[in-house]
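J.: Dropping a structure here in structure tokens format, bear with me for questions.
The values are calculated or read from the model by the stated rules, or taken from the named source; none is laboratory data. Since the structure is predicted, the reported quantities are computational estimates derived from the model, not experimental observations. Note that we place each Cβ from the backbone using ideal geometry, even for glycine, and neighbour counts take in every protein chain shown. Just so you know, the surface numbers come from the protein's heavy atoms only, side chains and all, with ligands and any DNA or RNA stripped out. Shrake-Rupley method; radii C 1.70, N 1.55, O 1.52, S 1.80 Å.
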Amino acid sequence: MKYDFVLMDADETLLDFRKSEQAAFRNTFIKYGLIPDEEIFQLYSRINHGLWGAYERGQITKEDILRRRFRETFQAAGIKGEFPGLEEYYQNALSEGSYRIEGAEEVCSRLAETCSLYLVTNGVASTQRRRMKESGLQQYFQQMFISEEVGYQKPQIDFFEYVFARISGFDKSRALIVGDSLTSDIAGGRNAGIATCWFCRHGIPEDGAGKADYVICDLRKLCLIVGEQEDE
């Protein structure tokens, strides 16, 4: 099977979000006179991840995430005080993190020669667009679909239907979604009726079999999957 339409996630698939997050957290804390302690960062990361998970499930809005993540972190860590503009400063710092995953540019460049690439990501539009542009990867994508602009988020079927309706000549049987998240990318792709590729860059879990149509831990393996030809 050769895939003509490849939908790719951004964070932890093409861009090293963890590295961007750590740098933005550190810079923001220093700006506001706080100590960027690793324990507090881990606490923030867990809270933020949990909120984004609730967002994926449609339980809260993106605005809820941005309003609550630092407030809940500071409450849990016992940090008191007023920090006006901290969330906005953090978002700007985060948008400066355009670190690419190993092999990302090579893969995008090769795939763009033989198929149509589309970015499908949850997140803040201004942040994601700036990071993709500064990473140098934006040039390889036909379109970028970001949840804030779409009005729905992965894994909601409405998100995928919105995307499919805006891709000229789209054919589900020739489409593949690639991402690191089982709950967002893989579940969303399966529910939408397209093939799925789970990217586990830190190693394939022991129970990884059967979670997706394909499972890879090296992004460069994607070129082999996309380029496979149908049997004559």
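J.: So in the stretch 149-172, with the set limited to residues that are among the charged types (D, E, K, R) and over 16 Å from Phe17 (Cβ atoms), which one is nearest to the chain's Cα centre (by Cα)?
T.: In the first step, residues of the stretch 149-172 are kept if they are among the charged types (D, E, K, R); the result is 149, 154, 158, 161, 166, 171-172.
When the remaining residues are screened for being over 16 Å from Phe17 (Cβ atoms), the result is 149, 158, 161, 166, 171-172.
Details: Glu149: 15, Asp158: 18, Glu161: 18, Arg166: 20, Asp171: 23, Lys172: 21 Å.
My answer is Glu149.
J.: Same structure again: Go through (1) part of a helix (DSSP H, G or I); (2) open to solvent by 60 Å² or more (accessible area, probe 1.4 Å); (3) under 21 Å from Glu148 (Cα atoms); (4) without any contact (Cβ under 8 Å) to a residue 24 or more places away in the chain and name the single condition Gln22 misses.
T.: (3)
J.: Oh, and also: Give me a count of the residues in the stretch 111-140 that are more than 19 Å from Tyr89 (Cβ to Cβ), touching a helix residue (DSSP H, G or I) at 6+ places or on another chain (Cβ under 9 Å) and in contact (Cβ under 8 Å) with a residue 40 or more places away in the chain.
T.: Total meeting the criteria: 12.
J.: Also, quick follow-up: Among the residues of the stretch 38-70, which ones are exposed (fewer than 14 other Cβ atoms within 10 Å of the Cβ) and more than 22 Å from Asp180 (Cβ to Cβ)?
T.: Once the filter is applied, which keeps residues that are exposed (fewer than 14 other Cβ atoms within 10 Å of the Cβ) and more than 22 Å from Asp180 (Cβ to Cβ), the stretch 38-70 yields Glu38, Glu39, Thr61, Glu63, Asp64.
J.: Given the criterion of a type in the set (Val, Ile, Thr), over 13 Å from Tyr3 (Cα atoms) and in a strand (DSSP E or B), identify the matching residue among Val178, Val215.
T.: Details: Val178 fails: over 13 Å from Tyr3 (Cα atoms).
On inspection, the qualifying residue turns out to be Val215.
J.: Considering Leu51, Leu15, Leu66, Leu94, which residue is closer than 30 Å to Ser168 by Cα and within 17 Å of the chain's Cα centre (by Cα)? Steps first, answer last, please.
T.: Numbers: Leu51 fails: closer than 30 Å to Ser168 by Cα; Leu66 fails: closer than 30 Å to Ser168 by Cα; Leu94 fails: closer than 30 Å to Ser168 by Cα.
The match here is Leu15.
J.: In the stretch 135-177, which residue that is within 15 Å of Gly58 (Cα to Cα) and among the hydroxyl-bearing types (Ser, Thr, Tyr) is least open to solvent (accessible area, probe 1.4 Å)?
T.: The selected residue is Ser147.
J.: Please determine, by comparing only the residues of the stretch 25-54 that are aromatic (Phe, Trp, Tyr) and in contact (Cβ under 8 Å) with a residue 24 or more places away in the chain, which one is farthest from Asn122 (Cα to Cα). Let's see the steps before the verdict.
T.: Taking the stretch 25-54 first, the residues aromatic (Phe, Trp, Tyr) are 25, 29, 32, 41, 44, 52.
Now restrict to residues that are in contact (Cβ under 8 Å) with a residue 24 or more places away in the chain: 25, 32, 44, 52.
On the way: Phe25: 20, Tyr32: 28, Tyr44: 19, Trp52: 9 Å.
Among them, the one singled out is Tyr32.
J.: Only one residue in Glu102, Glu82 is part of a loop (DSSP other than H, G, I, E, B) and over 19 Å from the mean Cα position of the chain (by Cα). Which one?
T.: Glu82
J.: Would you be able to tell me the number of residues in the stretch 101-123 that are more than 10 Å from Ala10 (Cα to Cα) and open to solvent by 20 Å² or more (accessible area, probe 1.4 Å)?
T.: Total meeting the criteria: 9.
J.: Here is a further query. With respect to the numbered conditions (1) open to solvent by less than 70 Å² (accessible area, probe 1.4 Å); (2) of a type outside the set (A, V, I, L, M, F, W, C); (3) more than 30 Å from Glu161 (Cβ to Cβ), which one is the sole condition not fulfilled by Tyr89?
T.: Among (1) open to solvent by less than 70 Å² (accessible area, probe 1.4 Å); (2) of a type outside the set (A, V, I, L, M, F, W, C); (3) more than 30 Å from Glu161 (Cβ to Cβ), Tyr89 violates only (1).
J.: While we're here: May I ask you to list pairs of residues, at least six apart or on different chains, whose Cβ atoms are under 6 Å apart, with the first in the stretch 186-199 being free of Cβ contacts under 8 Å to residues at least 40 places away in the same chain and open to solvent by 30 Å² or more (accessible area, probe 1.4 Å) and the second being of a type in the set (S, T, N, Q) and not in a helix (DSSP H, G or I)?
T.: Arg190/Thr196
J.: Go through (1) over 20 Å from Ile186 (Cα atoms); (2) in a strand (DSSP E or B) one by one and return the number of the condition Ile35 breaks.
T.: (2)
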